[in-house]
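S.K.: Handing you a structure now.
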Amino acid sequence: MNDTAQLISKVLVLEGDSACHDRIKAFCEDNHLLPLKAYADNVMSVLKSNVDLGAIFLSERFNDQSDGGILLGRSIHAARPELPIFLRRNEGTPIDLSDLPEPDRDCFSAGYTAARMHELQPSIDRCIFSLVYPHALVRGIEELTLVALRNQFIDIEVDVQPPQVVRDRIIFGELFSLMPLESDWGRGYLMLQTEEQALMDFVRQGKTLLPADYDSFRDVNNVLADITNLVWGTFKNRFVVNDTGSGHLTQVPIIVNHQHRYISFGSDDPQLCFRYTLRDPDPANPVRVVLDQRFVFNLRWLPDNFRENEAAIDALVHSGGLELF
């Protein structure tokens, strides 16, 4: 097995007891989780936003009600069943959730107490970090994507968030592209998402390779298509040694529900997510283009078979794109 990348995952913490905050924060830091806090009156609006969550930590006694977390958990599970919910139990109640009625028990992935949070570790690994990704793959995706973005945009700077694992299925922005990925170590999709208006503003400001007077939605579509093709082509050259082909392989439907901004690849597995923010070096220009990039290995994932294409690496060395250190 190749060296694996250490990824992070954002988790939403819904906790009413301030005495538990430090323990939960320390647990998250030890387990590569980035905790985010929300209040009772805006929980559902946060869940409809583009936060890229991996899970939710919820106190059973939430919003000053002994069963407030149970009630909220029902609503969250109904709206976002793909998100694991870890329930901090009231004093004297079993962490295995055996005292809850079965419909409520099905809303939660695990129970825990603040004093014994270490017992939650197996559930974190099972629900969030169930897939491991080779370090060379994660590093390489970021490198090749940055090259593609700098080739397609003019006089911009790119900020990159740390790669993360996400469980949510919320669509980001109005534009997204999909390209199939086929290899002997993984089958799935590359997905890029962005907001139309910001990308159109970049076109009008002369930040893309298009003429500034190209401002129809079809022109903006072409920008995203070109980025997708560049990333996909470089990914294939660098990482796909044996293309399995797709003619005789099993496929699953991809479901898109525009009203709920939801997309499903037919798998409950977490997704590998990168987020890039493109901006003008001039601080007077407020326009930002955010690109949400996801790799979904919903059809096959065999990381032990992963390896970089040595021929592609050699070609980069010979061309001067890489130097031996």
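Read-outs throughout are calculated quantities, based only on the coordinates presented, and are distinct from any laboratory measurement. Values in this document were obtained by computation on a predicted structure and should not be read as measured data. Because the Cβ atoms are built from the backbone with ideal geometry, glycine has one as well, and the counts that use them run over all protein chains shown.
S.K.: Pairwise over distinct Cα atoms, reciprocal of the mean inverse distance: report the Kirkwood radius of the chain in Å, one decimal place.
M.R.: One decimal place: 21.6 Å for the Kirkwood radius.
S.K.: Suppose a student asked you for the relative contact order of the range 1-87, using Cα pairs under 8 Å spaced at least 6 residues apart; what percent would you report? Mind showing how you got there, number by number?
M.R.: Details: 105 pairs, mean separation 28.2, N = 87.
Once normalised by length, the contact order is 32 percent.
S.K.: Given contacts defined as C-alpha pairs under 8 Å and at least six residues apart, what's the relative contact order of the chain, whole-number percent?
M.R.: Numbers: 565 pairs, mean separation 61.4, N = 325.
Rounded, it is 19 percent for the chain.
S.K.: Using alpha carbons only, how many angstrom separate the centre of the range 81-107 from the centre of the range 22-54?
M.R.: Their Cα centres are 18 Å away from one another.
S.K.: Report the gain in length on full extension from ASN151 to ASP22: 0.36 nm times residue separation, minus Cα-Cα distance, nm rounded to one decimal.
M.R.: Using 0.36 nm per residue and subtracting the Cα-Cα distance, I get 42.0 nm.
S.K.: Which shape class, rounded, prolate or oblate, goes with the range 135-319 when its Cα gyration tensor gives a ≥ b ≥ c as root eigenvalues, a/c under 1.5 marks rounded, and past that a/b bigger than b/c marks prolate?
M.R.: Here the range 135-319 falls in the oblate category.
S.K.: Can you tell me the FRET efficiency between ASP304 and ARG105 if r is taken as the Cβ-Cβ distance and R0 is 56 Å, rounded to the nearest 0.05?
M.R.: Plugging the Cβ-Cβ distance into 1/(1 + (r/R0)^6) gives 0.95.
S.K.: Let me ask something else. Enumerate the helices in the chain for which the Kyte-Doolittle hydropathy averages -0.5 or more and the C-alpha atoms extend at least 24 Å along the helix's axis, using complete DSSP H runs. Mind showing how you got there, number by number?
M.R.: Details: long enough: 135-152 (26 Å, 0.24); 217-239 (33 Å, -0.07).
Those that clear 24 Å and a mean of -0.5 are 135-152, 217-239.
S.K.: At 0.36 nm per residue, minus the direct Cα-Cα distance, what do ILE95 and GLN6 gain on full extension? Give it in nm, one decimal, please.
M.R.: Contour length minus the Cα-Cα distance gives 29.2 nm.
S.K.: Full-extension gain between ASN63 and PHE217, please, as 0.36 nm times their residue separation minus the C-alpha to C-alpha distance. Let's see the in-between values first.
M.R.: Numbers: separation 154, 0.36 × 154 = 55.44 nm, distance 4.46 nm.
Value of the extension gain: 51.0 nm.
S.K.: Regarding the range 9-127, what is the average projected area of its C-alpha convex hull, in nm²?
M.R.: Working: hull surface 26.5 nm².
Approximately 6.6 nm², given one-decimal rounding.
S.K.: Which of HIS258, HIS77, HIS32 has the fewest other C-beta atoms within 10 Å, and how do the rest follow up to the most?
M.R.: HIS258, HIS32, HIS77
S.K.: As a test of understanding, state the convex hull volume per residue of the range 201-305 from its alpha carbons, in Å³.
M.R.: Spelled out: Cα convex hull of the range 201-305, divided by residues, is 177 Å³.
S.K.: Among all the lysines, which ones have a C-alpha under 23 Å from LYS48's C-alpha, if same-chain residues fewer than 8 places away are not counted?
M.R.: LYS10, LYS37
S.K.: According to a simple spin-label model (label point 7 Å from Cα along Cα-to-Cβ), what is the distance in nm between THR250 and VAL51?
M.R.: Computed distance between label sites VAL51 and THR250 equals 3.5 nm.
S.K.: Hey, for a label at ASP282 modelled as a point 7 Å past Cα toward Cβ, could you say which residues of the range 193-209 have their backbone N under 14 Å away?
M.R.: Counting backbone N atoms under 14 Å from the label point, the list is 202-208.
S.K.: Now for a different question. Relative to a virtual label point 7 Å from the Cα of ALA40 in the Cα→beta-carbon direction, which members of the range 1-24 show backbone nitrogen distances below 18 Å?
M.R.: Within reach of a label on ALA40: 13-21.
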